[in-house]
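Asker: Below you will find the structure I want to go over with you.
The values are calculated or read from the model by the stated rules, or taken from the named source; none is laboratory data. Computed from a prediction, not measured in an experiment: that's the story for all the values here. Cβ placement follows ideal geometry from the backbone for every residue including glycine, while neighbour counts extend to all protein chains displayed. Side chains included, ligands, DNA and RNA excluded: accessible areas come from the protein's heavy atoms. Shrake-Rupley method; radii C 1.70, N 1.55, O 1.52, S 1.80 Å.
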Amino acid sequence: MLWKSLQDNYFYKLLFFLFNMFHIIESQQFSPEILFKLFKKADELRNSHKNTLKGKIMTALFYEPSTRTRLSFESAMLKLGGEVIGTENAREFSSAVKGESLEDSIRVISRYCDCIVMRHNEEGAALNASKVSKVPIINAGDGKGQHPTQALLDIYTIYRELKRLENFKIAMVGDLASGRTVRSLCYLLGKFNNIEIIFVSPENLKIGDDIKEYFEKHNVIFKEDDNLNKILPEIDIVYITRIQKERIDLDDYEKAKGKFVINQNNFNLIKKNSRIMHPLPRVEEIDLPIHIEENDKRVAYFRQAENGLFIRMALLDFILNNKSK
Ligand code: CP
């Protein structure tokens, strides 16, 4: 049993080393092998965990607002016996306000801790931070760029809910132009077989060419559609997202808001075994009564948010737990 566990951990560490997983910047870094290792670890940690990160310190460095990502990372670290330092509003309460560059901040902060979980308003900020950091940088969202740990919890949720990561249809709905969770999830979906993706977005917020090119290169079947109700009966996962008001101009927001909504009028078009996911926060794009949200298995978004805790525990454990090397 002990030997098996050591072998598992060694294999995992070797994969991390081979696939350059010191920093977590974009979801493309994760191979299916590493994903399944993380799922297994997350399942284990869901049931029991020890203080494997005792003595380790995680910095939560957030230049943009967050509820789930910051608090689930902090909770994950504390549950594994580690400690947390940081700021929830680094733009206002760090020396950035005095004009310090991100690089200088990272050079200093990385001398105080064992990893930095960072959210930043600028695309590419996590990559820039990783170039000067002495400790692992985990990208917790960089502008319109990526949100790789959200993609981890999303794909873990799909696996737990459908019991498979192949042969299914997923609709990505909402602001596909500025939604970093959609982009990160697309990169992971492209690694599995027989997944069909339907993009449903307002005309002014369509998915970018980079994702379409990635899918073409990886032979992923995808199409665009603007009739949500027509496609709802044929899909297994509805991944709906908010219109990102803070990232687009007011004109674009007014054109897009309220265009695609899941509510009591179209909820029952969704198959009984299908699931609605949302990275959250949601605003008006899901409008279902409490009795449905609390009792209908098709509503998966709160389980999805909970999965974030366990997959982030697994990720932190694998990155920081020296005993498993
Ligand atoms: N899904 C997500 O990233 O949520 P927060 O912005 O609350 O962290």
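Asker: Per residue, how much accessible surface does region 251-319 expose to a 1.4 Å probe? Answer in Å², no decimals.
Answerer: Values: 3240 Å² over 69 residues.
Ligands and nucleic acids excluded, the result is 47 Å² per residue.
Asker: For the chain, what is the mean residue ellipticity at 222 nm derived from helices alone (per DSSP H run of n ≥ 4: -39500 (n - 2.57); sum divided by total residues; nearest 500 deg cm²/dmol)? Walk me through the numbers on the way to the answer.
Answerer: On the way: 13 runs with 136 residues, N = 325.
The helix-only estimate for the chain comes to -12500 deg cm²/dmol at 222 nm.
Asker: For region 170-242, report the accessible area per residue in Å² (1.4 Å probe, heavy atoms, rounded to an integer). Write down the numbers at each step before the final one.
Answerer: On the way: 2610 Å² over 73 residues.
Averaged over the residues of region 170-242, the accessible area is 36 Å².
Asker: Considering every pair of different Cα atoms, what Kirkwood radius, in Å, is found for the chain? Please report the intermediate quantities before stating the final value.
Answerer: Numbers: mean 1/r = 0.0491 Å⁻¹.
Kirkwood hydrodynamic radius for the chain: 20.4 Å.
Asker: Taking amide H atoms as placed 1.01 Å from N in the peptide plane, list the residues 5 or more away in sequence, or in a different chain, whose amide H sits under 5 Å from that of K169.
Answerer: It is E196, D236, I237, by chain and number.
Asker: With a cut-off of 8 Å between alpha carbons and a minimum separation of six or more residues, what is the relative contact order of region 89-169 in percent?
Answerer: Details: 88 pairs, mean separation 17.5, N = 81.
About 22 percent, as a whole number.
Asker: Separate question: Connecting C-alpha atoms closer than 10 Å in a GNM of the chain, tell me which of D225, D251, D236 has the biggest fluctuation.
Answerer: The residue with the greatest mean-square fluctuation here is D251.
Asker: Here's a follow-up. Using modelled backbone amide H atoms (1.01 Å from N, in-plane), which distant-in-sequence or interchain residues come within less than 5 Å of F199's amide H?
Answerer: M172, K223, E224, D225
Asker: Given the chain, what percent of its DSSP beta bridges are antiparallel, to the nearest 5? Mind dumping the intermediate values first?
Answerer: Details: 0 of 36 bridges.
Of those bridges, close to 0 percent are antiparallel.
Asker: Hey, what's region 99-153 come to in accessible area per residue, 1.4 Å probe, Å²? Could you put the intermediate results ahead of the total?
Answerer: Details: 1900 Å² over 55 residues.
Accessible area per residue, region 99-153: 35 Å².
Asker: A follow-up question, please. Connecting C-alpha atoms closer than 10 Å in a GNM of the chain, tell me which of L309, L288, L80 has the biggest fluctuation.
Answerer: L288
Asker: So, in region 17-100, how many Lys pairs have Cα atoms under 22 Å apart, if the pair is 8 or more places apart or on different chains?
Answerer: Lysine pairs meeting both conditions in region 17-100 amount to 12.
Asker: Pick from I155, I243, I211 the residue whose mean-square fluctuation is largest in a GNM of the chain, springs joining Cα atoms under 10 Å.
Answerer: I211
Asker: Compare V283, V261 by solvent-accessible area with a 1.4 Å probe and give them largest first, with all protein chains kept in place.
Answerer: Numbers: V283 95, V261 35 Å².
Sorted by accessible area, descending: V283, V261.
Asker: Right, next: Counting alpha carbon pairs within less than 8 Å and at least 6 residues apart, what relative contact order, in whole percent, applies to the chain? Before the final figure, lay out each step's value.
Answerer: Values: 596 pairs, mean separation 63.5, N = 325.
Dividing the mean separation by the residue count of the chain yields 20 percent.
Asker: May I pose another question? Could you work out the relative contact order of region 190-236? I mean the mean sequence separation of Cα pairs under 8 Å and 6+ apart, divided by the number of residues, in percent. Intermediate results must be reported in sequence, preceding the final value.
Answerer: Numbers: 39 pairs, mean separation 22.6, N = 47.
Relative CO of region 190-236 lands at 48 percent.
Asker: Now for a separate question. What lysines could a cross-link reach from K212, if we take a straight Cα to Cα line under 22 Å and drop same-chain neighbours fewer than 8 places away?
Answerer: Filter leaves K144, K169, K191, K223.
Asker: While we're on this one: For the chain, give the percent of accessible area contributed by carbon and sulfur heavy atoms, probe 1.4 Å, rounded to a whole number.
Answerer: Working: 7370 of 15050 Å².
The nonpolar share, carbon plus sulfur, comes to 49 percent.
Asker: Order of 51-64, 82-95 by packing, highest average Cβ count within 10 Å first?
Answerer: Details: 51-64: 20.3, 82-95: 15.9.
With the highest mean Cβ count within 10 Å placed first, the list reads 51-64, 82-95.
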